[in-house]
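Only one structure is covered here, and it is reproduced in the block below.
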Amino acid sequence: MLLAFRNGRILTEKGIESERTLLVRNDRIEALVGAREIAGADQVIDLHGALLAPGFIDCQVNGGGGELFNDDPSVQTVATIARAHRQFGTTGFLPTLISDDLDVVARGIDAVRDAIAGRVPGVLGIHIEGPFLNEERRGVHDASKLRELDGEAVKLLTRPHGGVTMVTLAPENTTPELIRALDAAGVIVSAGHTDATYDELQPALASGLRGFTHLFNAMSPLGSREPGAVGAALAHDASWCGLIVDGHHVHPAVMKLALRLKPPERIMLVSDAMPSVGAPTKNFVLNGRPVTVANGKCVDEHGRLAGADLDMASAVRNAVRMLGLDVATAVRMASANPAEFLALRNVGRIAPGQRANLVLLDDDLRVHATWIDGIPHRHG
């Protein structure tokens, strides 16, 4: 099946291109050709002037559609979360487990393995956020679930499942040798919920620490004499940083400073989404505690942030509106940048040979349709 996408604006690595036609054969992008070069196409898709962009990739999706991955780590839960986020342009994501017992982690890994084998659209792997965290920076993670990273845990985290494994940990609570073992096995290691000093982070970065989970949140702050985790992240050009751009987790002025200090290709948007995203009922329960959602903000009974009521399309819009980014840069932070962080070479861009994961956006950056591996999912 050869699809021809025409009469729109197409966001490529060169920028936003007009008067071009995108050819997709089956699940792959074949070519970007002249506006009238549609001969031989089995289906011509008129974009009506809208923007065709790479589908969004979200590294941190705790839930959606009323479901929390921890509550039921199953293929059905993964499929529900995927469906909830797909309507907001997310064509690739990591179902994310927050700190839990290792048997729950094992069930989550198995669920993702089976979801990938069953071709649940959009599943790229799993993000295991904890339980190898610093209790002082745990946020709403259950303190009773926290534990040290040891050989048993490394064996579990390196279990093959057909996709990417990302692990968020506190580097000060483990060793460079164990970080190196995870990295050597292909695990994407990220620092988060950490109270590490700048100096403590240097051997971790040298041993394969690749990124920082939700920069500024739940980590040692930047100070004049102790740069902390934030300072280490901003000073290290080669690492990636996730940002929750919802206006609640980080002040826009602080995010603007990060964008001045960090190479823009090393910043990625994440949702940190909770069950409220794509759900008719917003409030939910986390670790047996009620979480109230209002005006896009999730808080527990103590007023602590408990994830986010944020989807990736909203994150892109917020990056344009709050941070003053151009559309191309904001979309890259939601597509190519996370793909590169996850070491995925065949998603995140509109280019020949890439998987045909696409999102159609109007002038207000609202999602009208997504395609995953060339298969359409229309939303309006």
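When Lys297, Lys262, Lys282, Lys256 are checked against the criterion of being of a type outside the set (Gly, Ala, Ser) and in contact with a Ser or Thr (Cβ under 6 Å, 6 or more places away or on another chain), Lys282 stands alone in meeting it.
Could you look through region 287-301, keep only residues that are surrounded by 15 or more Cβ atoms within 10 Å (Cβ to Cβ) and of a type in the set (D, E, K, R), and pick out the one that is farthest from Ala273 (Cα to Cα)? Taking the candidates together, the pick is Asp300. The set of residues in region 195-244 that are open to solvent by less than 20 Å² (accessible area, probe 1.4 Å), closer than 20 Å to Leu97 by Cα and either over 22 Å from the mean Cα position of the chain (by Cα) or of a type outside the set (Val, Ile, Thr) (or both) comprises Leu209, Gly211, Phe212, His214, Leu215, Met219, Cys241, Gly242, Leu243. Those helices (runs of 4 or more DSSP H) of region 312-355 in which 1 or more residues are of a type in the set (A, V, I, L, M, F, W, C), open to solvent by less than 10 Å² (accessible area, probe 1.4 Å) and in contact with a Leu (Cβ under 7 Å, 6 or more places away or on another chain) occupy 312-323, 327-333. Across region 271-281, not a single residue is classified as part of a helix (DSSP H, G or I) and either in contact with a His (Cβ under 9 Å, 6 or more places away or on another chain) or not small (Gly, Ala, Ser) (or both).
Residues of region 245-283 that are more than 26 Å from Leu201 (Cβ to Cβ), surrounded by fewer than 24 Cβ atoms within 10 Å (Cβ to Cβ) and among the small types (Gly, Ala, Ser): Gly247, Gly278, Ala279. Before we move on, is Glu37 assigned to a strand (DSSP E or B), open to solvent by 30 Å² or more (accessible area, probe 1.4 Å) and not β-branched (Val, Ile, Thr)? So Glu37 does not fit the description; no. In region 289-311, the residues that are without any contact (Cβ under 8 Å) to a residue 12 or more places away in the chain form Cβ pairs under 6 Å with partners that are surrounded by fewer than 17 Cβ atoms within 10 Å (Cβ to Cβ) and of a type in the set (Ser, Thr, Tyr), at six or more places apart or across chains, as follows: Val299/Thr292. Among the conditions (1) open to solvent by 10 Å² or more (accessible area, probe 1.4 Å); (2) farther than 23 Å from Leu310 by Cβ; (3) in contact (Cβ under 8 Å) with a residue 24 or more places away in the chain, the only one that Ile29 does not satisfy is (1).
The residue of region 363-376 that is nearest to Ile16 (Cα to Cα), among those that are in a loop (DSSP other than H, G, I, E, B) and not hydrophobic (A, V, I, L, M, F, W, C), is Asp363.
Assess whether Leu360 counts as being within 20 Å of Leu52 (Cα to Cα), open to solvent by less than 50 Å² (accessible area, probe 1.4 Å) and part of a strand (DSSP E or B). Here the answer is yes, as Leu360 does meet what is asked. For region 12-21, which residues satisfy the criterion of being open to solvent by 10 Å² or more (accessible area, probe 1.4 Å) and either assigned to a strand (DSSP E or B) or hydrophobic (A, V, I, L, M, F, W, C) (or both)? Hits for region 12-21 are Thr12, Gly15, Ile16, Glu17, Arg20.
The values are calculated or read from the model by the stated rules, or taken from the named source; none is laboratory data. The structure displayed is predicted, hence computed values, not measured ones. Positions of Cβ are generated from backbone atoms using ideal geometry, with glycine treated the same way; all protein chains shown enter the neighbour counts. Side chains are part of the model used for accessible areas, which takes the heavy atoms of the whole protein and leaves out ligands, DNA and RNA. Shrake-Rupley method; radii C 1.70, N 1.55, O 1.52, S 1.80 Å.
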